[in-house]
Structures are given as C-alpha cells and as structure tokens.
Amino acid sequence: MIKKEKFLKEHPYLLEKEVSRSDFPPNFLFGVATSAYQIEGGCREGGRGPSIWDAFSHTKGTILDGSNGDVAVDHYHRYKEDIELIAKLGFDAYRFSISWSRIFPDGLGTKVNEEGIAFYNNIINALLEKGIEPYITLYHWDLPLHLQESMGGWLNKEIVKYFAIYADTCFASFGDRVKKWITLNEPLQTAVNGFDTGILAPGKHEHSDTEPFLASHHQILAHATAVSIYRSMYKDNQGGEVGLVVDCEWAEANSDKIEDKAAAAKRLEFQLGWYLHPLYYGDYPEVMRKILGDGLPKFSEEDKELLRNSLDFIGLNHYSSRFIKHVTDSPAECYYYKAQEIERLAKWEDGEPIGERAASEWLYVCPWGLRKVLNYIVQRYNNPIIYVTENGMDDEDSSAPLHEMLDDKLRVSYFKGYLAAVAQAIKDGADVRGYFAWSLLDNFEWAQGYTKRFGLIYVDYKNGLARHPKSSAYWFMRFLKGDEGKNGKE
Ligand code: GBH
C-alpha cells in the first residue's frame, strides 16, 4: 500500500477523476458481459451435449464450494427477464457466449442441433427488439467434452477444423443480425490454467512444459481460420467484424532499474504478445522465441500468411495490476509457466499486486493500470480498434442481509475509477470503441463456484434465483443517462 501511494505521488497524472458519459465520444458503446457456462444452466436441456466444464466441475475437489453450472442462474429459462434488465439499465450492447455443445452436442459438426440455434435466435431477437447490440463470443471455455476425450481438445491440430465448422455455422445462422464476433475468450487462461496449473478445465498439469504452448498454438490458428472464413464468405454481405479477447494485467516495473523494466516488458509479451503478435505480424514475439526456442511450436509459411492481420479489433479483459521484478536465480514460485526451463530462462517474478484487494485473491483495484494497458496496446500494435470486453470486481458471498449485499459502494467506485481511466486513454489517443462491465449477474465464478459475486445484479441463490439490481446497477443507469458525474467534477 505504501508503495502505491509513493508511486502515485511520483506519477500524479495517474490519479482517477470523476467521470460522466460526456467524457466519452458520442457513439462510444456501453455494455454488460456474461458467458454461457457461468449463467445458462439447462445443462441437459434443448439437446445440449456435455462440455469440459460439466466434467471438470463434477470432479471432486475442483470447485471451491463443490458446485457446478448445471443450473447456474438459470438464464436458459430466464433470458427474457435478464434482457429486460439490460434494457432497463440502459446499456447499448450485451456480450454473451454461445455454448458450442448446444450447437454441436459432440463438437464434431456433423449435425446441427436446431434447438440450440433456436435458443440463441431468441436471445438475439429479444436483444434487437430492445435496441441492444449483440456481441457474441464463440468460445468462452466450454469445449464439447467429446472433443476433449476423443482427441485431446486444444492439444490436437484437428480442433482447428472443428472450430471452423462451428464458427461457420454461427456466422451462417446468426450473422444476418450479429455484426460483432469474438472467436475466443482469453486463450491465455485456457493455455495456462487449463494445461499448466490445472485450476480450470480440462484441469491438466502433467505436461506443462509443452501443453500450454500447443493449446495456444491451436487456439491462434483456430481464431485466424474463423476470421478467414468470415472474410471470404460473409464479410461482403454481412459487413461485420471479428476480434479476439485477450486478458492482460498491467505489469509495472518494480523499480526504475533497467532489469526490472525489462522484466515487466517481458511479462507483457508473454501475456499479450503471445497472441497478438502472431495475429498481427505472423509469428510469436522475438523474446518468446529466443527464450523458449524449440519449446515453442512453429508456424509454417502458410500459417503465417493466414495469421497476419487477422484481427478486426482487440477485446481486452482487464481487472488487476502488479509490480514485476527481475530475478537472477530460478524463482521459488512462478504463477505462469511452471515448467522449470521457462522459469529459469524468463527471469521475471511477480511482485506485489497494486491497490486494494477485492474478494478474489488475484483481483486488486488499480484503475490507472487499465489506462496503461490501453496505451501499451496503442504503441505495440499500431493503434488498433479496442473494446474493453470485461472489467469489474467481486464481493465475497456472505449471509449479510440483502440490503447490505445490494449496497455495493466499492463496486461503484471501481467502475468510476476504471471508466475514468478509459476516458483518459481515449484522450491519450487510444481508439477504444466500447466498454463492457463484468458482469450482468452474479454467476458461477469457475473454480470459485458461487462464493464470489461479480454481478451488477444480485442473484438470490436461496430464494428461487431472484434478481435484485445492486447500487452499482442503478449507478450505471444514471451514468448512462448522463446524470452522473456532471457536478462535483474537479
Ligand atoms: C475473466 O477471466 C473471465 O473471462 C470470466 O469468465 C471471469 O468470470 C472473470 O474473469 C472473473 O474472474 O480461481 O482464484 O485461482 C479473468 C482472468 C482467470 C483471473 C482465472 C482469475 C483464476 C484465479 N481470470 N483466474 S483463481
């Protein structure tokens, strides 16, 4: 904490200001976000096949409270009510994901499940009726289980083909009305937490020197293949855009020392550059290739051709920031890349997180970190179009009375701070087109189950999953109307 105060004193321009809608360009888009497995439930309904998250969450010891997404917050049956809430709050857009195994129950892409198509058609149509623009994520971590079990999921190059069939089917079925597509959510998380730490599905950790890199490689190729299908078959008629969502913490050098600065820069390359560099320039960042050598899969010339400039926009999920330091000997504990070789070679270490802790152990409130990530992307990737596709904070679930749980003052100040940081980044020159709050509803927070609440809207798990807007939802409603932050501005 002391360190942060000192840091802000030295960098006063990073201090947050009051924010109002008029600080953003007139056509700037405000939305809320969710993902299928976290909210839908209805896991055996409408012809849906199982996903790796059904299997993982039903494995003992994987989820903090022993829960799963079988019912989640029952959005499958309550989507109308939920969409009405989005409309009532005044959001322009809604980012949600499609459950792959609702469209192709075994993932193989041989027979479309029409009930799945109908479900998402209903959602899309209900949104459009209310003037809310759909932003669809094709893959938010819920791989059809059969693809995992029969061929190793993201570890097998064949997955690229199956993802392409799925993406093509979605473009063909929904693309007349959906103009913004996101291929994958946070490929880094699938790679690192799916195949290294094993805290997310499919929960592998035995081969973390190779599997995270293979899983990334195939995700990158899957993304680019979907983009090329869209551009060659749909773009002319439908006129939409396709992006990728990456997650990035801000890495602030622990000191002014050149080694710490280099360590922080490396950390950013290993987090963002891993995905963005290939998709803009056709290959992994040089620093990764140098450090990892043959540990990094190779792209063929043909792959590189496919990859280059295969992004219409970047979706950025951002929550937290930390100091990064240089280490000379192999770090005792390194969150990313457990593989011995990489720990030793990459030579950075996660230092202190920056700011106040939220409920989740990894989430610290540091609004200027978002401004810095946005400016970093501007410089590194030639000022691309960016959407902030997730940003938000969580509260611990508790047995406090409802009115206390609903009065989420901290979340209000979180949004104020981070929105001010986005407005600042736009003034700095970043081409940020929209911002999505995470999340519309309290939901299944992966390995943390229902113990963490990220929603603008409270879900009463003990009373029939009733929805209750929190103070932050009402704050957003006033903000979107332009009634917040006009007075009392410094
Ligand atoms: C996003 O990931 C996800 O896209 C979204 O689905 C999720 O609900 C949201 O963040 C909030 O977490 O389980 O404590 O060991 C952000 C990156 C990746 C950070 C997983 C936390 C697990 C930490 N997150 N990570 S923990």
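The values are calculated or read from the model by the stated rules, or taken from the named source; none is laboratory data. Only a predicted model underlies this, so the values are computations on that prediction, with no experimental measurement involved. Here Cβ is always computed from backbone atoms with ideal geometry, including for glycine, and neighbour counts include all displayed protein chains. Note: accessible area is taken over every heavy atom of the protein model, side chains too, but ligands, DNA and RNA are not part of it. Shrake-Rupley method; radii C 1.70, N 1.55, O 1.52, S 1.80 Å.
The table below lists the values:
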{"read-out": "Extended-chain gain in nm, criterion 0.36 nm per residue less alpha-carbon gap, Ser255 and His205", "value": "14.7 nm"}
{"read-out": "Mean-position separation - Cα centroids, region 42-82 and region 292-328, in angstrom", "value": "31 Å"}
{"read-out": "Residues Glu286 and Asp236, FRET efficiency given R0 of 35 Å [Cβ-Cβ distance, rounded to 0.05]", "value": "0.45"}
{"read-out": "Sulfur and carbon atoms: percent of accessible area, region 4-481 [1.4 Å]", "value": "50 percent"}
{"read-out": "Alpha-carbon radius of gyration plus Dmax, which is the widest Cα pair, for the chain in Å", "value": "21.3, 61"}
{"read-out": "Two-decimal ratio, region 374-490, of alpha-carbon radius of gyration to 2.2 N^0.38 Å", "value": "1.21"}
{"read-out": "Rounded FRET efficiency, nearest 0.05, which uses the C-beta distance separating Lys179 from Asn375 and R0 of 25 Å", "value": "0.35"}
{"read-out": "Order of exposure, largest accessible area first, which applies to Glu133, Glu249, Glu115, Glu149 with probe 1.4 Å", "value": "Glu149, Glu115, Glu133, Glu249"}
{"read-out": "Fraction of antiparallel bridges per DSSP, region 4-481 only, in percent to nearest 5", "value": "25 percent"}
{"read-out": "Of Lys130/Lys416; Lys261/Lys290; Lys427/Lys470, pairs whose Cα-Cα distance is over 20 Å", "value": "Lys130/Lys416; Lys427/Lys470"}
{"read-out": "Solvent-accessible heavy-atom area per residue, rounded to whole Å², over the chain at 1.4 Å", "value": "38 Å²"}
{"read-out": "Estimated FRET transfer efficiency when R0 is 41 angstrom, pair Ser471-Phe28 (beta carbons, to 0.05)", "value": "0.95"}
{"read-out": "Sparse-neighbourhood loop sites, GluC sites (Glu not before Pro) in region 13-95 - DSSP loop, at most 16 other Cβ within 10 angstrom", "value": "Glu18, Glu45"}
{"read-out": "Pairwise centroid distance, computed over Cα atoms, of region 268-288 with region 94-124, Å", "value": "31 Å"}
{"read-out": "Stokes-Einstein diffusion coefficient of region 169-229, Kirkwood radius over Cα pairs, 37 °C, 0.692 mPa s, in µm²/s", "value": "258 µm²/s"}
{"read-out": "5 angstrom amide H check on Asp397, placed H, neighbours 5+ away", "value": "Lys452, Arg453"}
{"read-out": "Region 381-490: trypsin sites (Lys or Arg not before Pro) in DSSP loop, at most 15 other beta carbons within 10 Å", "value": "Lys462, Lys486, Lys489"}
